[in-house]
């Protein structure tokens, strides 16, 4: 596994999330800066939900021409995101029909288990990318059509994006 591979990069960012849990008590993980903001624990639940229920669900759909489309492309905004492996630093409001308020975690152990589950999915799909047809794509609501490899890479980018949110919560709550 190359140190520059999507699998290695995603495992590294998830491992950083897991190590960060040692910094907080459970009460700190579920403390919200205000009633309209997520707790750090909710950020963790969100990245797990998005990875499992959105990124890897779409990556799986890209493995079959029965569930994916050919001849479609990314939107212009997607190119710098993938080139720099970074989302814009602006807050993104999800459309109401797909926006989900993440629940609070049950325990630190639950968060480690969920993050470990995503690491397994990353490894599984990294293997599948090699046999996938890169022209098979599914639609992302903001970025256009992505193939299996791009969905896996977007998982990593999404985890990194939410590190900034965790830093903002830390600063607000003085952790």
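Each label point is 7 Å from the Cα along the Cα-to-Cβ direction; what then is the distance between the points at residue 131 and residue 23, in nm? Modelled inter-label distance: 4.0 nm. Against the chain, whose longest principal axis comes from its Cα atoms, helix 108-131 is set at around 10 degrees. A simple spin-label model places the labels of residue 57 and residue 103 1.6 nm from each other, with each point 7 Å out along Cα-to-Cβ. Normalised by the number of residues in segment 64-157, the average gap of Cα pairs under 8 Å and 6 or more apart makes the relative contact order 48 percent. Take 64-72, 113-121, 145-153, 157-165 and order them by the average number of nearby Cβ atoms within 10 Å per residue, most first; the result is 145-153, 157-165, 113-121, 64-72. Once both axes come from the Cα atoms, what is the angle between helix 148-173 and the longest principal axis of the chain, in degrees from 0 to 90, rounded to 10? Rounded to the nearest ten degrees, it is 20.
Here the calculated FRET efficiency for residue 8 and residue 83, from their Cβ-Cβ distance with R0 = 22 Å, stands at 0.75, rounded to the nearest 0.05.
Axis angle, to the nearest 10 degrees, between helix 6-20 and the longest C-alpha principal axis of the chain: 10 degrees.
Full extension of the chain between residue 66 and residue 124 yields a length gain of 18.8 nm, computed as 0.36 nm times the residue separation minus the alpha carbon distance.
On the beta carbon distance between residue 73 and residue 36, with R0 = 35 Å, the FRET formula returns roughly 0.45. With an 8 Å Cα cut-off and a minimum separation of 6 or more residues, compute the relative contact order for the chain in percent. With pairs under 8 Å counted, the relative contact order is 38 percent.
Laboratory data are not the source of any read-out in this text; all were calculated from the coordinates shown. This one's a predicted model, so the numbers in the text were calculated from it and none came from an experiment. Glycine also receives a Cβ, built like all others from the backbone with ideal geometry; neighbour counts cover every protein chain displayed.
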